[in-house]
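Structure first, then comments.
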Amino acid sequence: MNVQLDSRATGSGKIATIVYDRQSKLNSLNGAGIKELKAAFQNVAKDTELRGLIFTGAGPKSFIGGADINELNELNEKTSREFITSLHELFILIRNMEVPTIARVNGYSLGAGMELAAACDIRIASSTAIFGMPEVKVGVPSVIEAALLPRLVGWGRANYLVLTGENIDANTAYDWGFVEKVVEAKDLDEEIQQLTDIIANCGPLATRNQKRLISTWERLPLEKAITAGIDSFSTAFSTEEPKQMMKLFFDRKKSHK
């Protein structure tokens, strides 16, 4: 098992990719893997030139195949709390990244894998991807970031996933609003690159401000969320970025006349 961290220069900064490689176990998450991933996300979060982050599982078969059932089978009441808390801490790191996070879903995305995808900002899936929350089939409830599912797919569909443990295919996940786009497996990397290039060419300060604002929207009542947006908009003009980005916009418009 290992976690790979790569980056490429594009637009106004860098796009990083974190790859979790435990292919012999369908990239299932165990305690050691969770620890490695937490370190990788903490490391990349320090990069001030970062404009976006891609997460994926190694190989064509699996994004994250869930939590390692062999390790789960050895847990007791105390160690189960430690395990699930550590997993939640990983998801919090992903949700708190200051730049957009993209889940590149390339196969099985089950249980903890579907939750990890939910913790990302945008989900792009291969047409061969499979999603599911099978925890009730092994005697435990779906917890932690499964709480994001009703916001993404609605209560009825979230109930279906966590109460039946049944899987859904990529097109169903798209129809339900869980993934933003489904493409053929051969086109997945090209689609991800196009998306991250677009993100990297947006205003870097504006993008980070937008991420913070989205997080605020999740927590606040509507009127307070709107007020927070007004504050964020005004704060943007305390920097030179709006003038710089608008100049680029006008320059492009002139060049197309």
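The values are calculated or read from the model by the stated rules, or taken from the named source; none is laboratory data. No experiment lies behind these values; they were computed from the predicted model shown. A quick note on method: Cβ atoms are made from the backbone with ideal geometry, for glycine too, and the neighbour counts reach across all protein chains shown.
Some points to look at:
- Flag for Leu149 being in contact with a Lys or Arg (Cβ under 9 Å, 6 or more places away or on another chain), under 23 Å from Gln23 (Cβ atoms), assigned to a helix (DSSP H, G or I) and at pLDDT 95 or above: no
- Summed over the range 213-239, residues that are under 21 Å from Val99 (Cα atoms) and over 26 Å from the mean Cα position of the chain (by Cα) total 7.
- Where a residue in the range 205-231 is outside the structural domain of Pro100 (by TED's automatic domain parsing) and within 25 Å of Ala45 (Cα to Cα) and its partner, wherever it lies, is surrounded by 15 or more Cβ atoms within 10 Å (Cβ to Cβ) and hydroxyl-bearing (Ser, Thr, Tyr), with Cβ under 6 Å and at least six apart: Asn209/Ser232; Leu213/Ser232; Ala228/Thr216
- Helices (runs of 4 or more DSSP H) (entirely within the range 182-257) containing at least 1 residues that are touching an Asp or Glu at 6+ places or on another chain (Cβ under 6 Å): 204-219
- Residue among Asp187, Asp175, Asp169 that is on the phi < 0 side of the Ramachandran plot and in contact with a strand residue (DSSP E or B) (Cβ under 8 Å, 6 or more places away or on another chain): Asp169
- Assessment of the range 42-54 against the conditions (without any contact (Cβ under 8 Å) to a residue 24 or more places away in the chain and not in a strand (DSSP E or B)) yields at least one matching residue.
- Residue count, the range 129-146 (criterion: surrounded by fewer than 21 Cβ atoms within 10 Å (Cβ to Cβ) and outside any helix (DSSP H, G or I)): 5
- Every condition in (1) surrounded by 14 or more Cβ atoms within 10 Å (Cβ to Cβ); (2) closer than 26 Å to Ile130 by Cβ is met by Ala32 except one, and the failing one is (1).
- Only one of the listed residues (Leu5, Leu87, Leu93, Leu53) is at pLDDT below 95, surrounded by 14 or more Cβ atoms within 10 Å (Cβ to Cβ) and within 16 Å of the chain's Cα centre (by Cα). That residue is Leu5.
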